[in-house]
Structure formats: C-alpha cells, structure tokens
Amino acid sequence: MLEIGSPNALFFRTNTTCNNLLRELQKIWVEIGESETEKDRMLMELERECLQIYQRKVDEAANSKAKLHQSVAAIEAEVASLMAALGVLNINSPIKLDKGSKSLKEKLAAVTPLVEELRIQKEERLKQFSDIKAQIEKISGEISGYSDHLNKAMISSLTLEEQDLTLRKLNEYQTHLRTLQKEKSDRLNKVLGYVNEVHALCGVLGVDFSQTVCEVHPSLHRTDQEQSTNISDSTLEGLEHMIQKLKTERKARIQKLKDVVASLFELWNLMDTPQEERTKFGKVTYVVRSSEATITEPGILSTETIEQVSAEVESLSKLKASRMKELVMKRRSELEDLCRLTHIQPDTSTSAEKSTALIDSGLVDPSELLGNIEMQINKIKDEAQSRKDIMDRIDRWLSACEEENWLEEYNLDENRYSAGRGGHVNLKRAERARVTINKIPGMVDNLIKKTLVWENDMQNSFLYDGVRLVNILEDYKLTRKQQEEEKKRYRDQKKRQDLLLTQRESVYGSKPSPRRSSSFRKPNGFNISNGNGSVPPTPRRSSAGTTTPDILLTPRSYSGHHRQNGYFKEFRRLTSTPLNYVAMQKEDTVSTTYTSIYSSEPDSPLQG
C-alpha cells in the first residue's frame, strides 16, 4: 500500500489523474470529430507543455537548494567570524556535528539560535568597547587639550580595532583606561595645587585671582559645573609660569616694603613717634623680620599697602626736614652722653655750637650733618667695644681706690672697735679692703700692660677723657710711691716725738688734758681736723713734680683737671683724709704732746 505524501503515491495519483483526463479528452475529441493527425499534434503539444512545467519546477527546486547551501555556508562563516571576534573557542557548530544526517533546512534551523546568541554577545561586547573608548577619548582629549589631530588619530585607531572583541583586548582597553584615569587624577591634583598656590599668592599681593587664572585657562575658574577643569600640559606650564611670575613680584614687593619700612623705623626713632601711632602699621612691620614663605597675611604686599607706608614715610620726611635742627642737637647730645660714659672725646667738628651755626647758615645739609653724627656714634660704639676689657679693669682699680679711701677714714675712727650697731660689718669690710688694697699695684701693672697691647694692636693711644691712660697710671704709681715715702718719714718723725714725750714725762710727769682731744676729730669720728676745724690744704702734684703730693691722680682726677667742657663728673680722691705729717706749731705744745701720746697707742688712727 502506498503512503500518502510519498513520491510513489504522488506519481500514482498523478498518473491516474492524467489518464482520466486523457480519456475524457479523447472522448471529447471523438465527439468533436478530430482527426488522428490533429489528435497526435495536440497530444504532442500537451506532452511538451507538461515537460516544460516539470522542468521549471525542477529548476526552482535546484535554485532553492543552492540558496539553502549558500545560507548554511554564510551562517557557518558568520558563526566562525563571531566566535573568532569574541574569542570563543569551546563552542562546536551543530552543522559540523550533524553534517550528513540532516537536511539543509534542519541544519539552518539548528544553527540559527547559536548565531543569535553570538550576535547578542557581540552587541554587548561592542557596547562595552564603545563605553571604554568613549571614556578613553574624553580623558585623552582632556590631557591633550582637545587637539583635533590627536583625537582623529585616536578615533581612527579605535575604529580599525573593532574586529577584535576578545576579552584580552577588552582588558587591554580597561588597563589603558585606568592608566589614563590615574594620570588624569594626578594632573588634576597638580592643577588644583597650582591653583591654590596662585590663590594664596594673589591674596598676599592683593591681585584679582579670577582674572589671573583665567589668563592661563578659563576652566580654572569655572562658573558652571558642566565645564571640566583643563589639565593639559599647556595649562600646567601656564600655571607654573604664573606662579613663578607671582613669586618674582612677591620678592620685589617684599624688598620694596622692607626698604620703606626700614625708612619708616628710622624716621620713627628720629621723630620719637608715639607707640600708638606705630601700631597703625603693626601688620607691615613684621615683614622686615619674616621670610618670604611665612608672609601669608592677605593684602600685606598689595600696592595699596605699600603706597600707604610710602605716604607715611613721605609725611614723616617732610616733618623731619622741619625738625632737623632739633634732631641734630638730640643726636649730638646722645653722642656726648655716649662719650661721657665711655670716657672718649667726641669729635668737635659736630659740636652743638658748630652744628647750630652750620644749619643756620645753610652751608650744610642737616641730613648730611645728621648722618655724620650717626657715623660718629657708630664709631664710638665700635671703639667702646674694643676698650671694654680695659675699662672694666679701670673700674675695678677705681673701686679698689675707693676701698682704700674708706679704710683710711675707718682707721681714723677711735670708736671703730666699739660694740655699736654695724661695727662687725665694718670690721669685715675693713678686712676685705686690706686684701683689695694689696692688689692695687698688681692691678696697675696689669692695666699698663693691657693698655700697651691695645695701643700696639690699634696703632693709637688709649685716651681716657683726652689723657693717655698709660701716663695717668705712671703718674699714679709715682705719686703712690712718694706718698709711701712720706708716710715712712712721718712714722719716723712720730717715733722721735714719742721718745721726746717719754723723756718729758719722766722729767715733768705732766699728762695731756682730755678736754683737748675733742679738737682732733669731727663728730662722726672719721676725719682729723686742724686748729680751726677744717681739713688741711691738699697739695697737687704739678707738671714739674713735687716732693709732697697728697692726692693720687686717677683717670677721673685727670678728667676733672684737664677737661673743660663740663660733661664729666668730679674726680674722686683716693685719699679723702690727708695724713697730718706737717710740723706742729710750737705754741700748741700741749695739743702736740697729746697727739703724740694718742698716736703711740696700738689702735691709734695715725698708725700707718
């Protein structure tokens, strides 16, 4: 039995139909009366037409088969291409697995889902690549400054590489993107650092920050959030150049402000400007003592600030010109005070009288005269520094001389051993004074040596209030030696008087009257008086030299004797109470006798 739809059944059914139709056609021809020749012609024509129809159908079927083969081949090629582009290596094509067992349509139907899946994967991969490429292009444009030539080259390279959609390529793009993102972050931080530095410098200099950074690139001071900050090499170079320019300007303004402030300080000191007026410029005065990096006060170096200080300097300069004479006299007085303290003679060319005459006559600029006095003050200060060691030794020597004077007065006090108030203190001081006095000759010798060394080094004489110190010290040594000789002669004379008194007492047995003792001392018990209650005259050693000097000449004695300008104090006498070694008056025999007896006692104030 034939199966319905099988080729044999179809052929059988076709033959049956054709035979039935042929018989019916022959029947019609008989009825019509067609000739045999006409019947054969018509049958031949019918057969030819049937063959043409079959041939056409066969051709159409062959074309369809060829198209299916092409479709299968094309889809296989697409599968291979997609797998290669996506880097898929472990997927087996259904066509290759069932190559001989399936029809073309079955093969085509079997591979279509795989193609669709691969196409979806490709679209997703393309989207990933597209996103990454877009970010790379954007960041590269920001770094390059949106150079058209570089952007076209980048887009061209990305388009040429679209056939490679493998994960390896995708990872390469992602790595490149991360590198660009890091570079962008570093550049952005660098740009922000530069911008902050520019902002700080503009604040100190009082310059418009917006206008300054916009000169480099407008995006550095953006007003909208859509515009990204430019981080190109040209922007970085522009910021570096701007920072260097601002630093140079800052350095120049600092120096200018320091110069102006220095002039301001000088004028303040000259004009004795009150502190409340100086505090107005307190913010700018610290610039003189600060380094560039520590000057951060906003507007401290602005042109307005410098102009304000300059205006103050100009105002004080005008006031200074009107008070210059007063300033010259003030600085001259300071010079003389300094010379008085250091015992150095001031330069007489700028004395008060001469300075006043020069200023009034208009022959000398007061500023020049003031500068000359300033130079003299500095010179005196420098010289005083070099003289400091010798001056300290002079002070110690003079202090020892004062102790010697005090000890001599103390030894004249007949009540010095009493148990009165402060007696033990004076005894201790007397002990220290004796030790100090014994050092005076060594002090003088060392002082002479030091002075000679100084003079040799400085190639100049060491003057003390206009007198050479070595001469003063040599005179002091000579005078002290003469005084010691006079004391020795006095002690010898006193011994002879004591011997004479003893002989008289053995002959006459007389005693001195106690009532006469009150005439030999003052109420304070320190100084011996003569008959009229006054200190006997003190002879001074003349230039020719005398044999009975009673005053030891110290530097201060010379300053009081030789200087006539009135700037130095009274000289100090090393012996405030002279020893009474003059000859006694014959008519005061009783007084002389008592004095001799009193002097012979162990604690007598006349004991040397």
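The values are calculated or read from the model by the stated rules, or taken from the named source; none is laboratory data. Here the structure is a predicted model, which means the values were calculated and not measured. Here Cβ is always computed from backbone atoms with ideal geometry, including for glycine, and neighbour counts include all displayed protein chains. Side chains are part of the model used for accessible areas, which takes the heavy atoms of the whole protein and leaves out ligands, DNA and RNA. Shrake-Rupley method; radii C 1.70, N 1.55, O 1.52, S 1.80 Å.
Leaving out same-chain residues fewer than 8 places away, which lysines sit with a Cα under 19 Å from that of K27? The qualifying lysines are K39.
Using a 10 Å cut-off on Cβ atoms, rank the peptides 312-319, 67-74, 300-307, 454-461 from the highest mean neighbour count down. Write down the numbers at each step before the final one.
On the way: 312-319: 15.1, 67-74: 13.1, 300-307: 16.8, 454-461: 11.4.
Highest to lowest by the protection proxy: 300-307, 312-319, 67-74, 454-461.
Per residue, the Cα convex hull of the range 212-306 amounts to 118 Å³.
Please give the peptides 123-135, 402-414 ranked by average Cβ packing (other Cβ atoms within 10 Å per residue), highest first, as a rough proxy for protection. Walk me through the numbers before you get to the answer.
Details: 123-135: 14.2, 402-414: 18.3.
Peptide ranking by packing, descending: 402-414, 123-135.
Each 10 Å bin, from zero up to the one with the longest distance, holds this percent of the alpha carbon pairs of the range 300-397: 14, 34, 24, 18, 9, 1, 0. Relative to the globular-protein estimate of 2.2 N^0.38 Å, the Cα radius of gyration of the range 20-88 stands at 2.30.
Taking all protein chains in place and a 1.4 Å probe, what share, in percent, of the accessible surface of the range 256-356 do carbon and sulfur account for?
Details: 2840 of 5480 Å².
Solvent-exposed carbon and sulfur of the range 256-356 make up 52 percent of the total.
Would you mind checking the pairs K320/K388; K184/K256; K122/K182; K256/K318; K133/K245; K280/K325 and listing those with alpha carbons more than 31 angstrom apart? It would help to have the intermediate numbers written out before the result.
On the way: K320/K388 35 Å; K184/K256 41 Å; K122/K182 29 Å; K256/K318 20 Å; K133/K245 39 Å; K280/K325 27 Å.
Pairs exceeding 31 Å: K320/K388; K184/K256; K133/K245.
Remark: the range 211-351 carries 56 Å² of accessible area per residue (probe radius 1.4 Å; ligands, DNA and RNA excluded). Of the listed residues H343, H199, H241, the order by accessible area with a 1.4 Å probe, largest first, is H241, H199, H343. In straight-distance terms, cross-link reach from K487 covers every one of the lysines whose alpha-carbon lies under 24 Å from its own, apart from those fewer than eight places away in the same chain; here that gives K439, K477, K495, K522, K586.
Candidate cross-link partners of K57 among the lysines, defined by an alpha-carbon separation under 24 Å and a same-chain spacing of 8 or more, comprise K65, K67, K102, K105, K107. The portion of the accessible surface of the range 370-511 made up by carbon and sulfur, rounded to a whole percent, is 50 (1.4 Å probe; DNA, RNA and ligands excluded).
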